[in-house]
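Since the structure comes first, as structure tokens, the remarks are kept for the end.
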Amino acid sequence: MHLKTLGAALALSTCIVAGAQAATLDIAVDSSPAGLDPHLITAFNSVVIVGDTVYEGLTMIAEDLSVQPALASSWEVSDDGLNYTFELEEGVTFHDGSAMTAEDVAASLRRVLSEEVASPLASRISPITDITVVDDTTISLTLDAPFAPILTSLAGIAIVPAEMESDVESLQQTPVGTGPFRFNEWKPNGYVSLVGFDDYRQEGLPKVDEVRFNIVPEAATRQVGLSSGQFEILPGVDPATALQLQAAPSVTVHETRELSYTLVGMNAERAPFDQAVVRRAFNMALDRGEIIQGALFGAGVPAGPLSPALVNWAVDTDSFDCYASDPEAARAMLEEAGIELPIELSMNVLPRQDVKDIAQVVQQQAAEAGFEIELLNQEIGQFVQDWRNSNFDLFASANGGNPDPDGYFYRTFYGGGSTNVFKYDDAEINRLLDEGRTTTDAAARKAAYDAIQNKLACEGPIAHIAYGTLATAVHDSVEGFEINPNRRLTSLKQVSLSE
Amino acid sequence: MIATLTRDKLLFFAVIFVIVQIGLAVFAPLIAGDPFAQIMASRMQGPSADNLLGTDQLGRDVFARILFGYRTSLLTSGTAVLLALLVGGSLGMLAAFYRGWFDRIVMRLMDVLFAFPIMLLAIGIIAVLGPNAFSAAIAIGIVYVPIFARLLRGPSLVICESEYVMGARAIGASDVRIVFSHLLPNLASVILVQASLLLSAAILVEASLSFLGLGAQPPIPSLGQMLAEGRNFLLLSPWPAVFSGFAILFLSFGFNLLGDALRDTLDPRLRGQEQ
Amino acid sequence: MIRAGRLLDLAIVLFGVSIIVFAMIRLIPGDAVAIMLGANTEITPERIAELESRIGLDRPLVTQYIDWISGVVTGDLGTSLWTGRPVAAEIGANLWPTLQLTFMSVLVGAVLAVPIGCFMAEARGKTADVLVRIGAIAGLTIPSFWLGIVAIFLLSRWLPGFSSLGYVPFFEDPLENLQRMALPVIVLALPMLANLSRLVRSAMLDALGQDYIRTARSKGAGRRRIVYRHALRNALIPFITSVGVATGYLLGGAIVIEQVFAIPGLGQLVLGAISERNYPLVQATILVMTTAFVMVNFVVDILYAFIDPRITQK
């Protein structure tokens, strides 16, 4: 009964919008979201639809990757770095009409941290030990130790109504947030429709009446659809399609450096990759420029441990001595270390076209240095299972990045870290990671992360391959689009359509 | 008379067409270059003297990959049809031979398998076994088992009830002897025709599975996979997608024509009608 | 009597299908929880246990099966693991595109097959016959997904304004709906047309060779009349069988074509559900497809009885 009423109300509102010659922005995405609850589903195909559109966090990551105020208009950090006090924007309402208060913020954070909800985002804010509602528009967070990346992490924690705290079902289908667009309709395998939220906290935004995320699995189909004007935006276009769309009339391809990267992971617990010298030799065998040419259609830059998008942190890859491709020297190094060649290995490959191509080029390059690699192209479930169980010699994959070095390094390379499936455990790295995490002095932090990058680049358990170019193809009828390296469609609220 | 000649010409043509393609696959290493060698400097080139059908996104020779793709395709589909024939054919014949509860159980099982959509059953089996050419062969084989079982059960029933098999039984011929000296020879033409037609269909199914990334895995060349990769850069270089599509068509076409021509030649009813 | 037996057979087949589907999806390595948590996220045993109990995977398999199948029998197909929506609603949303695609393709294929098949039979033994026949086999063996991709690209060059992708419900915009269905329907109808026209042809040849046709012909009846009245009637049964089989298969979702043309049909639904390990959705969708397939065959059997009463007597 209740659902029916809701459905009728939605249908009615759709009619009204349609009657007023609504400006609808059609976006084509490659797969259905697996749900729309921002705390449960972290896959890109869900985040691109609801992140920064339906939902907002206390902070947000701007196009230049700086942390900007969102639902929190300002904040103060105590001198010891353990206490953060946020002032909330006033007069913000949720899409269901209720007012957003500090209680909702507290409930949202508790929801992410709770065992029952089992949110994959929990570790991003796990240092929070106490959440105190000071008044309706003030909230105070206490950390167990200084945790510099917390402001970045909070941008990824959507604020939802307090009554959702223990409800793990409603938001999956009917998201309710404070963002510029409110959820309208989800047609499984058809589209997800969002409509402009009239009471959005920023006056005059959003500019379009409706945004439709059409689910179109075929790249070729999306491409033709954009050229013919059926779709206005294709987020996250693959390099081959981007290259082809650049030549298309009335289409602009926006590009930026990706935060995410492609990689080859090594099992630091299994011979021979338990030896640092073998990991170094493997890095030397690779010619990253050639991989980028062949597998990414030239769209990318050689990757070090941090994305060059993090201009304040990333060390230039030219300074890594193992990045000068030299298979002969790699082979000599292995022979000198008394390793019998060829080394026979298998490599699990993520089922994605660019990664499959990268694996093939890596296979050929590594063969010259004495690595004989068998490629195991796996179904996604098998790949994830083997990844989780550290059941691999090598794997080729792609990882999402993080705007803060700690957000990526700590869980990946710290001994026993939560995504350290490589079983890498290095005393020096552990010490430097602790230092980077707890130091609030910017220069000391920078020094620690420089040292970490220099060591990890050649001898870490990951051969970082390339940061791709994030390309979003936009039809020329769209005005005001700006691309965000974190892949979210942050600028959608400023976008308007011209005919 | 003229019609008969035309039909035989067709059979002749079909046989040649199929043999040439099998020959290309078998002698691929002698005819074409290395299908794995990547040359980044010459990526996505059109046809030239060096690369007869151009190069793919990693600078590999499309001609070599198509010939080796023929191998993958023929091996996978051939194994699948053989598996289906051995398992399904035996089940069908045995069901007809023994009748009773055995017949009923086997044929119900066949009904169950037959009720699945072909591609979905194949996709499910491959998901369980892991995506590679061998799984694809097994999956297509299982999907085709009920087809052979049903196909051979009917005629087997008729033959088993025929007077000469009854007679052979009466004089004490063993079951094995009856199967090999009476059943099989009489079913040979049906089997030959159906195997050829199913091979043609299996080549298409294998290509569809590879297209979805569920067949032979890179770097092993397969036609469906080349098509799937090639469509990603169709506007930059249409050659890999266009040529691999034609390759699938020719291969499947050849076996279908062969089966069709064989049926005309072997089917006694049609033959009788022409006289 | 016979009907009751057939219905029992149907029930047994569907029971077998339900067991196979249930077992198969669970045999795929990497379960729903693994996929939900995904790669590169932090996993603790508690979180896995929590998720397992939330979606009911911690119960014994037999219990899970019995719960599911008793739900199905009472009309409850369960809820999607990922979205929490009723499975019946998800299937319902994807049913129409598949139904429309199926019936339009079958209609186009079957209607055109009769005249083309008759023509082929009449032109038998001539060069034209060979050419038509080679054309038919080519139509049958051309990879439909390749044809689809090529057609989309050629159309986008020649008719940039023609939107051939995606799906618009018929009652929302009939013209737009038909425009978008045109290409996929042609691509799917082509092999069926090739198959059916061959079938019509061979059935016609068969019939032409029968004694009574020769008798009729020797009696001087008109050529056209003979062919249509006697032969077509005999061609009807194999024709209906083939149409039935084709309908059944298309109802199972033309997976690759749906993918190429971005049509949100049952094939897309189940393919996505398999890769998400959305157990209830996979189970129910495949069960619906096989039920449709089996029912179509059942209807075909009943049709036989109407066309040729001798069959029921057998």
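A few remarks follow.
- P(r) weight above 62 Å for the protein assembly as shown, C-alpha pairs, percent: 13
- Placing +1 on each Lys and Arg Cβ and -1 on each Asp and Glu Cβ, with no other charges, gives the protein assembly as shown a dipole about its Cα centre of roughly 7820 debye.
- Partner aspartates and glutamates for A:K187 [C-alpha distance under 14 Å; skip if fewer than 8 residues away on the same chain]: C:E90
- From most to least packed by mean Cβ count within 10 Å, the peptides C:265-273, B:88-96, A:31-39, C:290-298 give C:265-273, A:31-39, B:88-96, C:290-298.
- Degrees, to the nearest 10: A:442-459 long Cα axis against longest axis of chain A: 50
- Taking the charge dipole of the protein assembly as shown about its Cα centre, with +1 at Lys and Arg Cβ atoms and -1 at Asp and Glu Cβ atoms, the residue from B:I203, A:L121, A:F422 reaching farthest to the positive side is B:I203.
- Alpha-carbon centroid distance for the pair region B:237-266 / region A:443-458, whole angstrom: 59
- To the nearest ten degrees, helix B:100-115 and the longest principal axis of the Cα atoms of chain B are 20 degrees apart.
- Reducing region A:72-141 and region B:200-228 to their Cα centroids gives an inter-centroid distance of 51 Å.
- Test item: B:30-42 mean partner chain Cβ contacts at 10 Å: 2
- Region A:261-324: C-alpha gyration tensor shape, a/c 1.5 cut-off, then a/b vs b/c: prolate
- Among the residues of C:260-270, the average count of other protein chain beta-carbon atoms within 10 Å of the residue beta-carbon is 5.
- Entry note, chain A: the mean residue ellipticity at 222 nm calculated from DSSP H runs of n ≥ 4, each adding -39500 (n - 2.57), is -9500 deg cm²/dmol after division by the residues and rounding to the nearest 500.
- Overall shape: rounded for region A:261-469, with the ratio a/c of the largest to smallest alpha carbon gyration tensor axis below 1.5.
- Taking a sphere under 11 Å around the Cβ of A:L82 and counting the other residues whose Cβ falls inside, with K and R at +1 and D and E at -1, yields a net charge of -4.
- Helices in chain B, meaning DSSP H runs of at least 4 residues, each add -39500 (n - 2.57). Divided by all residues, the mean residue ellipticity at 222 nm is -24000 deg cm²/dmol.
- Projecting the Cα atoms of A:F395, C:P174, B:Q225 onto the charge dipole of the protein assembly as shown (Cβ charges, centred on the Cα centre) puts C:P174 farthest toward the positive pole.
- Computed about the Cα centre, the dipole magnitude for region A:261-469 is approximately 680 debye when only Lys and Arg (+1) and Asp and Glu (-1) carry charge, each at its Cβ.
- Mean Cα-pair separation over length for chain A, i.e. relative contact order, pairs under 8 Å, 6 or more apart, %: 20
- The fewest-to-most ranking of C:T141, A:T138 by surrounding Cβ atoms within 10 Å reads A:T138, C:T141.
- Candidates A:T262, A:V92, A:Q202 compared by Cα position along the dipole of chain A: farthest toward the positive end lies A:T262, with charges placed on Cβ.
- Take every DSSP beta bridge whose two residues both sit in the protein assembly as shown; close to 75 percent of them are antiparallel.
- As a rough guide to protection, the peptides B:9-15, A:44-50, A:99-105 ranked by mean Cβ packing within 10 Å, highest first, stand as A:44-50, A:99-105, B:9-15.
- Amide H contacts of A:L25 (H built 1.01 Å from N, in plane; Pro and chain starts excluded): A:E210, A:V211, A:R212 sit under 5 Å, all sequence-distant by 5 or more or on other chains.
- Shape call, region B:27-125: gyration tensor on alpha carbons, a/c limit 1.5: prolate
- Amide hydrogen proximity for B:Q217: with H placed 1.01 Å from N in the peptide plane, the residues at 5 or more positions away or on another chain lying under 5 Å are B:A133.
- Share antiparallel - DSSP beta bridges, region A:39-171, percent rounded to 5: 95
- Annotation: the residues C:R277, A:R257, sorted from fewest to most other C-beta atoms within 10 Å of their own C-beta, follow the order A:R257, C:R277.
- Fraction of beta bridges assigned by DSSP in chain A that are antiparallel (%, nearest 5): 75
- In order through region A:350-359: 3J(HN,Hα) via Karplus (6.51 cos²θ - 1.76 cosθ + 1.60), integer Hz, x for Gly, Pro: 4, x, 8, 4, 5, 5, 4, 5, 4, 4
- Principal-axis analysis of the Cα atoms of chain A puts helix A:102-113 at an angle of about 30° to the longest axis.
- If only the Cβ of Lys and Arg carry +1 and only the Cβ of Asp and Glu carry -1, the dipole of region A:171-226 around its Cα centre is close to 180 debye.
- For region A:348-378 versus region A:172-219, the gap between their alpha-carbon centres in whole angstrom: 39
- Once backbone amide H atoms are built at 1.01 Å from N, A:Y191 has A:I215 as its partners under 5 Å, excluding neighbours fewer than 5 places away on the same chain.
Taken together, the values in this text are just the output of simple stated rules run on the coordinates, not laboratory data. All values reported here derive from a predicted model rather than from experimental measurement. Heads up, the Cβs are rebuilt from the backbone with ideal geometry, glycines too, and the neighbour counts pull from every protein chain shown.
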